[in-house]
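A.B. asks: Have a look at this one before I ask anything.
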Amino acid sequence: MKKFYITTPIYYVNDKPHLGHSYTTIAADILARYCRSKNVEVFYLTGTDEHGSKIAEAASKNGFTPQEWVDKNVEEFKLLWERLNISYDYFIRTTGEKHVKKVQEVFSKLLKTGDIYKGKYSGWYCVACESYYTDTQILSFACPDCAKEVWKLEEESYFFKLSKYQDALLEYYEKHPEFLQPSWRALEMKNFVKSGLKDLSVSRTKVKWGITVPGDEAHTIYVWFDALLNYLSAAEGKNIWPCDVHFIGKEIFKFHAVIWSAMLMALGEKLPKTVFAHGWWTVNGEKMSKSKGNFVNPHTFIDNYGCDAYRYFVMSQIPFGQDGDFSEKSFFDKYNSNLANNLGNLISRTFSMLEKFSLQDIKAEVDKESSLGKLIVDFDKKYSKFMESIEFIKALELIWEVINEANKTIDSEKPWNLFKIDKVKLEKVLKNLLSAIEIVSKSLSCFMPETSEKIKKIIMDRKVTEPLFPRKDGKD
Ligand code: MSP
């Protein structure tokens, strides 16, 4: 059977990895782990986007060659993925030899078929930003980014015949409603394509740090054309194409839904099954930006709360697909209430009761008549449905429903009283609680792999040696 192929965007290696990058990567990791738990073989791809003038500029400012610079910075991403327990199968870098070869091959093939042609590009050029702008972007002959003067320039460029694919794209979107998700975001893409597609300039003469156009060394290939092909070059020889899910942020939906899809059509390749565009995080209500210096550094939270608390927070805070806000206060509150209290207490209370009542030998058994038992019986079906429709927050809410019901059961059944008056009932209640904990541990394995392992060990040893999530008092 073909492996299930999941990807993240490849991140610009110039930036340090932040909350946004970690979000997509964790989401893809959760789906990858879920598939593996169902015995589906997975190929999970992530990596870095390493070409372009911004990289070359930063390298030279810092006294490095571009290659030295990307080699150094890529380690930041690899380190964070290790600390976040990301189970990727392959890490692609666009400066890798195999990828470069693939991009050049594709370029040559499309030149031959006529899908790429040489033409003239004209626009308003800003020397400081090394970028072209259109008539509507410039503000009284000034650059929209740095406000310096812009010049009308014309240069030779290779173009990709994007316009040719307008009707084919619209037809594809119509026939494959699962392709662009969430579906409410797809409408924007359809309208964009309907409004008319222009051919896309896919080479630059002014950018030196890039893959050269085969046979025309004065041109380098446009970074997006290069970057999108990572999904195909990483898959080569593995028999895993088409990709099953591309996870991306909403700001690069167009690149995937329109340009990438048209490129694949031109190549005669199948399109990915789904492109899922999630929403954006703000921080304390503001956009993360260099000027505000408010990028959330995941390491700070991993240091203070642990990797699993971070993974849990980002997935439980907002429905995947929508925008949401990150704040230290909401992180702290959620940690204490949902992890230290609800989950942590359930585990410590249950196992200390087993010890106290000398019932460590009992085995999990669902009491189907109880409200907790009813939740457990229905659990798998509902959980799988949520995971498979990429509704991660609903899957987590379902797990917490079980946790909360289990805690309620302890409060209402009062096992310490049952111990005195009804030992049969006591065992029944505790067996039911063990079933709940087993299901919690199993289903948390995609979201919080370390915690799930710890709970498994507690179940085996019948003993809690330290709290899963020590309460925070707000001072650290
Ligand atoms: N290199 C391109 C992608 C090429 S894919 C063929 C790129 N890189 S990036 O470093 O800017 O990463 C963009 C991705 O980071 C977004 O698609 C999203 O996954 C993530 N995020 C960056 N900021 C984000 C938020 N504020 N919120 C959520 N995710 C965001 O674009």
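A.B. asks: Do any of LYS190/LYS381; LYS356/LYS454; LYS394/LYS425; LYS161/LYS270; LYS2/LYS118 go past 28 Å between their Cα atoms, and which?
C.D. replies: Numbers: LYS190/LYS381 34 Å; LYS356/LYS454 21 Å; LYS394/LYS425 33 Å; LYS161/LYS270 18 Å; LYS2/LYS118 38 Å.
As for pairs spanning more than 28 Å Cα to Cα, those are LYS190/LYS381; LYS394/LYS425; LYS2/LYS118.
A.B. asks: Also, quick follow-up: Would you pull out the residues with amide H under 5 Å of PHE4's amide H, same chain only if 5 or more places away, H placed 1.01 Å from N?
C.D. replies: Answer set, sorted by chain and number: GLU41, VAL42, PHE43.
A.B. asks: Mind listing the long-range amide H neighbours of PHE320? Cut-off is under 5 Å, sequence gap 5 or more, other chains count too, H placed in the peptide plane at 1.01 Å from N.
C.D. replies: PHE392, ILE393
A.B. asks: Separate question: As I understand it, the value is the acute angle between the Cα axis of helix 392-413 and the longest principal axis of the Cα atoms of the chain; what does it come to in degrees, rounded to 10?
C.D. replies: With both axes taken from Cα atoms, the answer is about 10 degrees.
A.B. asks: Rounded to the nearest percent, how much of the accessible area of region 328-461 (1.4 Å probe, protein heavy atoms only) is carbon and sulfur?
C.D. replies: Working: 3420 of 6540 Å².
Of all accessible area on region 328-461, carbon and sulfur atoms account for 52 percent.
A.B. asks: Follow-up question, since we're still on this one. Search the structure for amide H atoms under 5 Å from the amide H of ASP49, placed 1.01 Å from N in the peptide plane, and list their residues when 5 or more places away or on another chain.
C.D. replies: Under 5 Å from the amide H of ASP49 lie the amide H atoms of TYR11, TYR12, VAL13, each far enough along the sequence or on another chain.
A.B. asks: A further question on this structure: Karplus couplings for region 277-288 from phi (6.51 cos²θ - 1.76 cosθ + 1.60, θ = phi - 60°), rounded to Hz, Gly and Pro as x?
C.D. replies: Result, ordered by residue: 9, 8, x, 10, 8, 10, 10, 6, x, 10, 5, 6 Hz.
A.B. asks: Can you give the calculated 222 nm mean residue ellipticity of the chain, where each DSSP H run of n ≥ 4 adds -39,500 (n - 2.57) and the sum is split over every residue, rounded to the nearest 500 deg cm²/dmol?
C.D. replies: -14500 deg cm²/dmol, from helical runs alone.
A.B. asks: While we're looking at this one, here's another question. Can you give me the angle between helix 97-113 and the longest principal axis of the chain, using Cα atoms only, in degrees from 0 to 90, rounded to the nearest 10?
C.D. replies: Approximately 50 degrees, to the nearest ten.
A.B. asks: Here's something else I'd like to know. Mind ranking 100-110, 281-291 by how tightly packed they are, going by the mean number of other C-beta atoms within 10 angstrom, highest first?
C.D. replies: Averaged packing, sorted descending, gives the order 100-110, 281-291.
A.B. asks: Label points 7 Å out from Cα along the Cβ direction at LYS408 and ALA218: separation in nm?
C.D. replies: 7.4
A.B. asks: I'd like to check one number: the per residue accessible area of the chain, probe 1.4 Å, reported in Å² as a whole number.
C.D. replies: With all protein chains present, the chain gives 47 Å² per residue.
A.B. asks: Oh, and also: When a/c reaches 1.5 or more, the comparison of a/b and b/c decides; with that in mind, is region 158-248 rounded, prolate or oblate per its Cα gyration tensor?
C.D. replies: oblate
A.B. asks: What is region 63-133 by shape, rounded, prolate or oblate, if you read a ≥ b ≥ c off the alpha carbon gyration tensor as root eigenvalues and call it rounded for a/c under 1.5, prolate for a/b larger than b/c, and oblate otherwise? Walk me through the intermediate numbers first.
C.D. replies: On the way: a/c = 2.66, a/b = 1.48, b/c = 1.80.
Oblate is the answer for region 63-133, as a/c is 1.5 or above yet b/c matches or exceeds a/b.
A.B. asks: Something else about it: Among ASP323, ASP244, what's the order by accessible area (1.4 angstrom probe), most exposed first?
C.D. replies: ASP323, ASP244
A.B. asks: Separate question: What does the C-alpha gyration tensor say about the overall shape of region 274-402? Classify as rounded when a/c is under 1.5, otherwise prolate if a/b is larger than b/c, or oblate.
C.D. replies: Oblate shape, in that a/c is at least 1.5 and b/c is the bigger or equal ratio.
The values are calculated or read from the model by the stated rules, or taken from the named source; none is laboratory data. Since the model is a prediction, treat every value here as computed from it, not as a measurement. Every residue, glycine as well, gets a Cβ built from its backbone with ideal geometry; the counts of neighbours run over all protein chains shown. In case anyone asks, the SASA skips ligands and DNA or RNA and just uses the protein heavy atoms, side chains included. Shrake-Rupley method; radii C 1.70, N 1.55, O 1.52, S 1.80 Å.
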